[in-house]
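Any read-out appearing in this document is the output of simple, stated calculations on the displayed coordinates, not a laboratory observation. From a predicted model like this one, the values you see are computed outputs, not experimental measurements. Note that we place each Cβ from the backbone using ideal geometry, even for glycine, and neighbour counts take in every protein chain shown.
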Amino acid sequence: MQMNVSEIDGGIQHIRLSGRMDMAGTQAIDLRFTVLTASRRAAIVVDLAGVSFLASIGMRTLLSSAKALAMKGGRMVLLNPQPMVADALSTAGIDTLIPVYTDLGAACQALAGVAAG
Amino acid sequence: MPGRLDQLGAASAWLARFADTLALPHEMRYRLDLGLNEAVTNVVSYGYRDAGEHAIRLRLSADGDAVTLEIEDDGVPFDPLAATPPARPASLAEAPIGGLGIRLIRAMLDECRYRREDGRNRLTMTARPRPSPGLGQTP
């Protein structure tokens, strides 16, 4: 599992995940992802386009970071999940808790005003 | 497979080889893989009351266009189909972290059965072809 971070104009963190977000994959990125997403107020786009498989352990990581972030006044959105990953997110009810976008511009718009303060 | 979480990747690879042999559609192999990961994670995380070695027996079988994964373990009796999945949370603040695996198993597989037999749990999960999500609605 790979994790790549960049910053978009406006202070938005763009985190690209790729690979299988199963037990081993999630363990490989969990600490870095949590430090990056849950330790401060931030506006974060988690790009799932490269994630080919997402198990509940991976959803837990996304959910717990999104919760911690929200408590600090930050916000997380998800971007471009592959069709089966999107299906699993919706089955688990995650998509109603962490908004899912298919367009980076729309995702950034949803985060406007949230960036690090 | 040995009843350890670090063996899940090897189990998924075994499932992928079986799926390749049958040329299973992506959506079916995804759902079976999810069922495998969630069910084995539950057994290993909550099923063992001792630190000894345990084995989990996996069996895949195809019947027509249906594929069934059977998972047999020697953990404590646990019927994942009888457990109540947590209610869908209305907000991030009240969302529990966990309990998602059982919900995924029930929704993503087309037929699930559980039996306790000879001191072992036996869970069978069957996938049948579904329209792939994201391909638009069929009329």
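Could you rank the peptides A:42-53, B:31-42, A:91-102 by their average count of other C-beta atoms within 10 Å per residue, with the highest value first? Walk me through the numbers before you get to the answer.
On the way: A:42-53: 21.2, B:31-42: 24.7, A:91-102: 18.9.
Going by the mean number of other Cβ atoms within 10 Å, highest first, we get B:31-42, A:42-53, A:91-102.
Summing charges over all other residues whose Cβ lies under 12 Å from the Cβ of B:Arg128, with Lys and Arg as +1 and Asp and Glu as -1, gives -3. Determine the calculated [θ] at 222 nm for chain B from helices alone, applying -39500 (n - 2.57) to every DSSP H run no shorter than 4 residues and normalising by the residue count; nearest 500 deg cm²/dmol. Taking each H run of at least 4 residues, the total per residue is -10500 deg cm²/dmol. Annotation: the antiparallel percentage among DSSP beta bridges lying fully within the protein assembly as shown is about 65.
Once you list every other residue whose beta carbon is under 14 Å from the beta carbon of B:Met28, what net charge do they have if Lys and Arg are +1 and Asp and Glu are -1?
Details: positive: B:Arg29, B:Arg31, B:Arg128, B:Arg130; negative: A:Asp87, B:Asp20, B:Glu27, B:Asp33, B:Asp63, B:Asp65, B:Asp110, B:Glu111.
Taking every other residue near B:Met28 into account, the sum is -4.
Shape analysis of chain B places it in the oblate category; the axes a ≥ b ≥ c from the Cα gyration tensor give an a/c of at least 1.5, with a/b not above b/c.
Using helices alone, I'd like the mean residue ellipticity at 222 nm for chain A: each DSSP H run of four-plus residues gives -39500 (n - 2.57), total over residue count, nearest 500.
Details: 4 runs with 48 residues, N = 117.
The per-residue figure over chain A is -12500 deg cm²/dmol.
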